[in-house]
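Remarks on the structure that follows.
The values are calculated or read from the model by the stated rules, or taken from the named source; none is laboratory data. Note that the coordinates shown come from a computational prediction; the quantities given were computed from them, not determined experimentally. Reconstructed Cβ throughout: ideal geometry from the backbone, glycine too, with neighbour counts over all protein chains shown. In case anyone asks, the SASA skips ligands and DNA or RNA and just uses the protein heavy atoms, side chains included. Shrake-Rupley method; radii C 1.70, N 1.55, O 1.52, S 1.80 Å.
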Amino acid sequence: MLMLERGDPAELPPALWISAARDDVHNYKDIESPFPGSEPARFVHNYRQAGGEIEFVEFDADGMFTVLHPTLPASVAAMRALVEFCHRHLAA
């Protein structure tokens, strides 16, 4: 995050961020940052500002939903999003 905010040179491959709406570990606001949104929104904003392509997909689920509950509809949808992302960006 800090590299992006400082404008340091960085490789910015296409990225996918799969998020859970109820993930207290990542969904917080850094009180020292002037950015008005959450940390995921801040990262996505900075990645795009630096010229990177990033997709942000949020599911109505608890943190670690894909690991703890892999058969939930949200988990299946998240894994589909990951597979589709890989097919789009890793196609030969």
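Per atom type, the range 41-92 shows carbon and sulfur on 60% of its accessible surface, probed at 1.4 Å.
Here the chain is treated with +1 on each Lys and Arg Cβ and -1 on each Asp and Glu Cβ, and its dipole about the Cα centre works out to around 200 debye. Mean separation of Cα pairs under 8 Å and 6 or more residues apart, divided by the residue count, gives the chain a relative contact order of 32 percent. Highest GNM mean-square fluctuation among 35, 43, 59, for the chain modelled with Cα contacts below 10 Å: 35.
Using a Förster distance of 35 Å, how high is the FRET efficiency between residue 68 and residue 38, based on the Cβ-Cβ distance and rounded to 0.05? The calculated FRET efficiency here is 0.95. Length gained on full extension, residue 30 to residue 3, computed as 0.36 nm times the residue gap minus the Cα-Cα distance: 8.1 nm.
Centre-to-centre separation between the Cα atoms of the range 1-21 and those of the range 60-76: 24 Å.
Residue ranking by accessible heavy-atom surface, 1.4 Å probe, largest first, among 23, 8 comes out as 8, 23.
Considering only 43, 91, 28, and ranking their Cα positions along the charge dipole of the chain that arises from unit charges at the beta-carbon of Lys, Arg, Asp and Glu, the one farthest toward the positive end is 91.
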